[in-house]
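To start, the structure itself, in structure tokens.
The values are calculated or read from the model by the stated rules, or taken from the named source; none is laboratory data. Note that the coordinates shown come from a computational prediction; the quantities given were computed from them, not determined experimentally. Here Cβ is always computed from backbone atoms with ideal geometry, including for glycine, and neighbour counts include all displayed protein chains. Heavy atoms of the whole protein, side chains included, go into the accessibility calculation; ligands, DNA and RNA do not. Shrake-Rupley method; radii C 1.70, N 1.55, O 1.52, S 1.80 Å.
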Amino acid sequence: MTFFRFCLLLVAMTGLVACGGTGPDASRIAGTPGAQAVDRSGTEEPFVLVDVGMNFAQTLARTVSETNWQMPNGGPTSFTIGVSDVLDISIVSNNDAGFIDFAQSTINPIATTPLPRQVVAEDGTVAVPLLGRVTARGRSVQALESLLTQQLSEVLVNPTAFVQLVERQSATVSVIGDGITSPGTYPINLSDRRLLDIVGRAGGPAGAAEDIIVSLSRGGTTWRAVLRDAYGTSRLNPYVRKGDLISLEPRRTQVQVMGATGSNALVTLEQVDVSLIDVLGEAGGLTTPRASLKGVFVYRQAPPRELQAIGTDLSKFVGRTQVPTIYRFDMTDPRAFFTAKAFRMRDDDILYVSDSANAKLANFFGITGFFTPNPAAYVQDARDRANWKLILAQRQVLGPNDQTG
């Protein structure tokens, strides 16, 4: 019987290998003649593994807390003219003898000549009669006025140049997100150079300020705050700079849940102060007995300062603004639920719960269960053998020609 089952298993496995399914086998794809295999899997990519305890979870929670959110410091940058800016230039001359105003048939001591509105050229210059092309890029409005006045004084009587920056297109800020009324690109002007000034020009928040998270990204670093707090705190209303990206989004935390949980899905919670317990509860908890209580992991791109605080060696991550990090939880610890409640999840985290050893074993026998008799099969076989023995015994007592029974 054992040999028969082995042969049957061998035949079935051979059939499974030969079965084409819904498409070509993975080995056939990888082994197709002429296919060029390029391995960029990054198997040497390092990551940090952190076993999370209560103290660390509480320390980490303080860095995630809204009260510790920050915006960049620093004053306003210099306000200079750049390529694509639109300028209005006027030249005023003063002469005691006066200038003839043919339109009014009068003589005025001051003559004003407005030049056509123009855009600063790609080479950074503007055209000025009598002077040709003059470099405006990199100069402030006042510096350009002084330069034009100085050069015009060589060809005109007591001239004065006036420059007005009509449209500033050389220094802009982008505003995006579901929490802003009119997303787009907005120039930085002298009158509105702070974050809230730009938000106001973009139509303001599309919802209540306490329900909006405002982010400012610059040079690979992103700062965040609750928009409501920015209205009342100057440190959360910084000066913006050329190339900044401002994002306004509803307050929420999205975590991808995978593995041995009640449901595998993208869990969205309409708040930012979210614990690991909150996410597990939303995902239906751990699936028993499938889940490994020592195999609860949170995958995150963590900022280096978060890991330096616990003495992590970051020599392999020099220059990185984000460090691939896996946080591991031991749910067999009596304090595990306190730790999971203190641990704060972040937007874009991945929660993964691995299978237990028992689940893997059960899965193996589930695959081969057709060939492995279960206890019920053994019981049925025993009953069948007992019945046949009884029948044979009766036939021997009654004889072959007795038809009773």
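Exactly one condition in (1) in contact (Cβ under 8 Å) with a residue 40 or more places away in the chain; (2) over 22 Å from the mean Cα position of the chain (by Cα) is false for P205; which is it?
(2)
Tell me, which residue of the stretch 168-185 that is over 16 Å from R218 (Cα atoms) and open to solvent by 30 Å² or more (accessible area, probe 1.4 Å) is nearest to the chain's Cα centre (by Cα)?
D178
Taking the stretch 105-137 on its own, how many of its residues are exposed (fewer than 14 other Cβ atoms within 10 Å of the Cβ), modelled with pLDDT of 90 or more and of a type in the set (A, V, I, L, M, F, W, C)?
Result for the stretch 105-137: 1.
Just name the residue that is surrounded by the most Cβ atoms within 10 Å (Cβ to Cβ) out of those in the stretch 208-224 that are in a strand (DSSP E or B) and charged (D, E, K, R).
Per the stated criteria, the residue is R224.
How many residues does the stretch 138-163 contain that are assigned to a loop (DSSP other than H, G, I, E, B), open to solvent by 40 Å² or more (accessible area, probe 1.4 Å) and closer than 13 Å to T80 by Cβ?
2
Which ones in the stretch 276-320 are assigned to a loop (DSSP other than H, G, I, E, B) and among the aliphatic types (A, V, I, L, M)?
A283, A309, I310, L314, V318
Restricting the search to the stretch 164-182, which residues are assigned to a loop (DSSP other than H, G, I, E, B) and aliphatic (A, V, I, L, M)?
Within the stretch 164-182, just A171 meets the criteria.
Taking the stretch 27-49, which residues are of a type in the set (A, V, I, L, M, F, W, C) and either at pLDDT below 70 or in contact with a Lys or Arg (Cβ under 7 Å, 6 or more places away or on another chain) (or both)?
L49, the sole residue that qualifies.
Quick one: count up the residues across the stretch 301-333 that are among the β-branched types (V, I, T), over 29 Å from G285 (Cα atoms) and surrounded by fewer than 12 Cβ atoms within 10 Å (Cβ to Cβ).
Number satisfying all stated conditions: 1.
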